[in-house]
Amino acid sequence: LPSALKILIAGGFGAGKTTMVGSVSEITPLSTEEVMTEASLGVDDLSGVESKTTTTVALDFGRITVSSELVLYLFGTPGQERFWFMWNELAAGALGAVVLADTRRLETSFPSVDFFERRGIPFVVAVNRFAGTPDYADEEIREAVDVSADVPVLLCDARVRQSCKEVLVALVQHVMRRRRIAEAVAPPVR
């Protein structure tokens, strides 16, 4: 049986989490996308994503077989605050996370960054490029979302499989680097 690693795809409402899971998954992803109704008026902030008509109400799930020994399970988190209570359960046992950021609404990525920092879960910030949005340098994004210099900040297109794969590779490399550093500073076990 192959080893399974769990990775979360988090970020603000409308940042492209469902799209990312769908574009990189080798299986048809399980998605809990539902049509937004009038009940969400005044509850969900649509500024910057006015054309959004569906939303994730529980999670998205996808799978990537890396080799006969390794499978990645991807869990996309819901973006709206009213569904954040599920994040603790989704994060249990996670290797790491991708915080998908949308430069139209960077502030929507702050709760994800805070969540992973507080729990010590390694993460990368992937800036999903939307048409018509300005390009920002990595350092501008890093400063805006207030992450330390050791957190990778990457540009991606959540619609493009190769772009998403590069983000996942960067996350796994980041996790491995953090573990090597932790092992190097840990006192020897006797």
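The values are calculated or read from the model by the stated rules, or taken from the named source; none is laboratory data. Just so we're clear, the structure is a prediction, and the values are computed from it rather than from any experiment. Reconstructed Cβ throughout: ideal geometry from the backbone, glycine too, with neighbour counts over all protein chains shown. All accessible areas refer to the heavy atoms of the entire protein, side chains included, with ligands and DNA or RNA removed. Shrake-Rupley method; radii C 1.70, N 1.55, O 1.52, S 1.80 Å.
Taking the 1.4 Å solvent-accessible surface of segment 80-190 as the whole, the part contributed by carbon and sulfur is 54%. Phi angles across segment 124-137 convert, under the Karplus curve 6.51 cos²θ - 1.76 cosθ + 1.60 with θ = phi - 60°, into 3J(HN,Hα) values of 10, 9, 10, 8, 7, 8, 9, 4, x, 9, x, 7, 10, 6 Hz, Gly and Pro given as x. Rg over Rh for segment 78-167 works out to 0.95, both radii taken from alpha-carbon positions and Rh defined as the Kirkwood radius. Residues whose amide H comes within less than 5 Å of that of Val127, counting only those at least five positions distant or on another chain, are Ala101, Leu154, Leu155, Cys156 (H built at 1.01 Å from N in the peptide plane).
In the context of the full protein assembly, Thr103 retains an accessible surface of approximately 30 Å², using a probe radius of 1.4 Å and ignoring ligands and nucleic acids. Other residues whose C-beta falls under 14 angstrom from the C-beta of Cys164 contribute a net charge of +2, scoring Lys and Arg +1 and Asp and Glu -1.
For Val147, the amide hydrogen comes within under 5 Å of no other amide hydrogen, counting only partners 5 or more places away or on other chains and with H modelled in the peptide plane.
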